[in-house]
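Participant: One structure follows; several queries about it will come next.
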């Protein structure tokens, strides 16, 4: 953990956690010959559709962590991936995710070809209960609080849209500016609905209470909802 990766309490920032997960997925795919550049050259990309993360403890400054990730198998146009972040024998965070195979030439979701699915080994380890990725998402709720966000040039990745991890910067800002800055995020569930392209310069982030210590959020403008989900805020303890 480096200085620029921690917050004012010297704990890992929420967006950095998601960056580590993304990096692990990319490195694993590269190790089997299916890195991002290889995929684009072959005319396809992986699109992250959903992710759920349970956070037990954020690592602190200079603490060494280990990230494990594995392929959960694929069916049709969908593939699963799990993650586990540990420090010694302690589990810090667990995540499960759903990815879609996107054909760049046809500009649509497509069935995963065998040449893409076969290089991965399929692991059976489960970091969460079955169905955890199928959390409910409210894309149309009326926010109790809203903030305006401005996209930045550095938000965009090689695919030309706001990177998945940047949404967590948006979420981190939303949660803290809505009055829960001193509390710990214990869970995040996010569904990516529509990519934020270069034509989007401003958007809204809205939040409302869903249940005790659970907030639902969405990122949107007058034309689209870009992502929605929930965040569970756990009291320090």
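The values are calculated or read from the model by the stated rules, or taken from the named source; none is laboratory data. Here the structure is a predicted model, which means the values were calculated and not measured. Cβ placement follows ideal geometry from the backbone for every residue including glycine, while neighbour counts extend to all protein chains displayed.
Participant: Taking the stated definitions as given, is residue 62 at negative phi and either surrounded by fewer than 19 Cβ atoms within 10 Å (Cβ to Cβ) or assigned to a strand (DSSP E or B) (or both)?
Facilitator: So residue 62 fails the test.
Participant: Further question on the same structure: Hey, any hits in region 7-20 for a residue that's under 16 Å from the mean Cα position of the chain (by Cα), assigned to a strand (DSSP E or B), in the same structural domain as residue 102 (by TED's automatic domain parsing) and surrounded by 15 or more Cβ atoms within 10 Å (Cβ to Cβ)? Show your work before the answer.
Facilitator: First, the residues of region 7-20 that are under 16 Å from the mean Cα position of the chain (by Cα): 12-20.
With the extra rule that they be assigned to a strand (DSSP E or B), the set shrinks to 12.
When the remaining residues are screened for being in the same structural domain as residue 102 (by TED's automatic domain parsing), the result is 12.
Now narrow it down to the ones that are surrounded by 15 or more Cβ atoms within 10 Å (Cβ to Cβ): 12.
Yes.
Participant: Would you confirm whether or not region 36-58 contains a residue that is loosely packed, with under 15 Cβ neighbours inside 10 Å, part of a strand (DSSP E or B) and assigned by TED's automatic domain parsing to the domain that holds residue 119?
Facilitator: There is no residue in region 36-58 that is loosely packed, with under 15 Cβ neighbours inside 10 Å, part of a strand (DSSP E or B) and assigned by TED's automatic domain parsing to the domain that holds residue 119.
Participant: Of the residues 91, 140, 151, which single one is in the same structural domain as residue 20 (by TED's automatic domain parsing) and in contact with a strand residue (DSSP E or B) (Cβ under 8 Å, 6 or more places away or on another chain)?
Facilitator: The match here is 91.
Participant: Going through region 74-96 one residue at a time, which ones are free of Cβ contacts under 8 Å to residues at least 60 places away in the same chain and in contact with a helix residue (DSSP H, G or I) (Cβ under 8 Å, 6 or more places away or on another chain)?
Facilitator: The first filter runs over region 74-96 and keeps only residues free of Cβ contacts under 8 Å to residues at least 60 places away in the same chain, leaving 74-82, 84, 86-92, 94, 96.
Once the filter is applied, which keeps residues that are free of Cβ contacts under 8 Å to residues at least 60 places away in the same chain and in contact with a helix residue (DSSP H, G or I) (Cβ under 8 Å, 6 or more places away or on another chain), region 74-96 yields 74, 79, 81.
Participant: Of the residues that sit in region 73-121 and are loosely packed, with under 13 Cβ neighbours inside 10 Å and within 23 Å of residue 20 (Cα to Cα), which one is modelled with the lowest pLDDT?
Facilitator: Looking at the filtered set, the residue picked out is 121.
Participant: Evaluate the following for residue 33: is it part of a loop (DSSP other than H, G, I, E, B), modelled with pLDDT under 90 and not assigned by TED's automatic domain parsing to the domain that holds residue 233?
Facilitator: Against the criterion (part of a loop (DSSP other than H, G, I, E, B), modelled with pLDDT under 90 and not assigned by TED's automatic domain parsing to the domain that holds residue 233), residue 33 qualifies.
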